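Notes for the one structure printed next.
The values are calculated or read from the model by the stated rules, or taken from the named source; none is laboratory data. Computed from a prediction, not measured in an experiment: that's the story for all the values here. Here Cβ is always computed from backbone atoms with ideal geometry, including for glycine, and neighbour counts include all displayed protein chains. Heavy atoms of the whole protein, side chains included, go into the accessibility calculation; ligands, DNA and RNA do not. Shrake-Rupley method; radii C 1.70, N 1.55, O 1.52, S 1.80 Å.
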Amino acid sequence: MRHHRRPTRGTGAIAATLACLLLASCSAGSTATGGSAGKNSLNIGLTAEPANFDFTKTAGNAIPQALLYNVYQNLVKLDQSGRIQPQLATSWRLSKDRRTYTFHLVKNATFSNGARFTAEDAKFSIERVSSDWTVAQKSQMDVVDTARAVSPTELKVTLKKPSNDWLYRMTTRVGAMFSRTGVSKLATEPVGTGPYVVKRWNRGDSITLARRDGYWGREPHFKSVTLKYFKDPTALNNALLTGTINVINDMQSPDTLYRFQNNPKYKVIEGSTNSEVVLSLNNSSGPMRNRKARQAVRYAIDHKALMDTCWAGRGKLIGSMVPPTDPWYQNLTNQYPYDRDKAKKLLKESGEAGHTLRLRIPTLPYAIACGTVVKSQLEQAGFKVKLDQLEFPAAWLSTVFKNADYDMSIIGHLEPRDMQTVFGGKGYYTGYDNPEFRALLQKADQGTKKEQITYMRAAARLLSKDAAADWLFLLPMLTVADKDITGLPVNYVSESMDLTGLGRS
């Protein structure tokens, strides 16, 4: 889920103890070096603050966005073009039966608590996903049979069956490496092998990451990076204009982009993301259990008009849960073309016309901007809609995500290749339960690369045909920064806001 940023998750996990929510501020990483002013520091503006630092028990993308690849590292990572690259593993090989991965690990990596990183920590981290994690992504490690530390620098992972997906998942949060002696206070004190530690958390305002002494790898340019959080897009823009921040990571008011495009003080980068802005439908209870009612919703939405109105026409219409950066992308926008008369007919046939739909959206800029448009378009097709704004993250996560107390919502799902997570599990908040869909996912994972593409496309078509949700549009990546900031990505293809390649000219 993009907690804006994925929109982001185990059904039992979201209300997990969020001790930091009760504090005015939290502090972690006491071994951090201090920040410094000028060219060695960087301030980045964002819109959705983490609820805590523990992404093993708390859903959403805000935590890995800040910590993954920066504080925590993985055996493998995604580069900016979406290719899998070494990180804590120097190399790896796959057995002929496609079940056993052998990883060769770096020799000199250490955690921020001083412990050495070895294959035993990698084994511990992989096994811990199944034993201790509670978010929905933990199922991505179910395919693992055994993990064995052959030596301090060699790890063998054997899968229960061949999986096209598993190595890719190791680039995400489930592949994060944890210290065996550093998991007691994950919500407040993350311990990783990365170049940064959490120095300070001013709750409701900012998180400061500091470059750590003794980092084993290449030292990043910035000694101190502060992530500043703004609930109001106008305040975010003004913070850049006044020099309070140096970068807007992902602009939340695209209609104001002109303020920066013709100003020589700034650079504007337009790219793509994985973030499908989903009109979530509750498939398990209420009026949206009715397939004809869901289909009526899809025909009632004029997606181009909506994107033009609420996001200044920036983004891409996709019609499915697959972004164009995935190999199995196909344009499914024509499966449910805008047809108000057809929507009215299906709504009448469904027998749900008299029910009031609860459209419960988070207080995130894109959801607020698009919520009123969705409500208007549905009402023009004969639906009755009550729009509620729920404070994000706490109220939305508790009401919609954990308790599924909603009929419709709007959330950006940013996690890469998340069709399986959002719609493949019975207990997920969308409530979609289709054995045929799950069977296609399984065939895709175990087949050849060609078969993977074939079956994933079939799964996406089935999902769309079933009107399991409506995909409003794909959020663009709109980065605005001081002109001297270098290394900024064009596309956002992973869960991480990787700070390690950023610099200043």
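One table, with the values for the structure above:
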item	result
Using θ = phi - 60° and Karplus 6.51 cos²θ - 1.76 cosθ + 1.60, couplings along region 74-82 (whole Hz; Gly, Pro as x)	10, 5, 9, 9, 9, 8, 5, 9, x
Spin-label zone in region 424-448 - amide nitrogen under 13 Å from a point set 7 Å from the Cα of residue 462 along the C-beta vector	424-425, 433-445
At 1.306 mPa s and 10 °C, Stokes diffusion of region 361-405 via Kirkwood alpha-carbon radius, µm² per second	143 µm²/s
Region 43-100, relative contact order [Cα under 8 Å, separation at least 6], %	18 percent
Accessible area of region 273-476 belonging to carbon and sulfur atoms, whole % at 1.4 Å probe	48 percent
The chain: calculated mean residue ellipticity at 222 nm from DSSP helix runs of at least 4, using -39500 (n - 2.57)	-6500 deg cm²/dmol
Rg/Rh ratio calculated on Cα atoms of region 195-238 (Kirkwood radius)	1.11
Residue-by-residue Karplus 3J(HN,Hα) for region 495-502, coefficients 6.51, -1.76, 1.60, Hz, glycine and proline x	7, 8, 8, 5, 8, 6, x, 7
Whole-number accessible area per residue in Å² for region 76-177, which is evaluated in the context of all protein chains at 1.4 Å	41 Å²
Charged-residue dipole, Cβ positions (Lys, Arg, Asp, Glu), the chain about Cα centre, Debye nearest 20	640 debye
Relative contact order [Cα under 8 Å, 6+ residues apart], region 76-177, whole percent	30 percent
Residue-normalised accessible area of region 273-476, expressed per residue, 1.4 Å probe, Å²	37 Å²
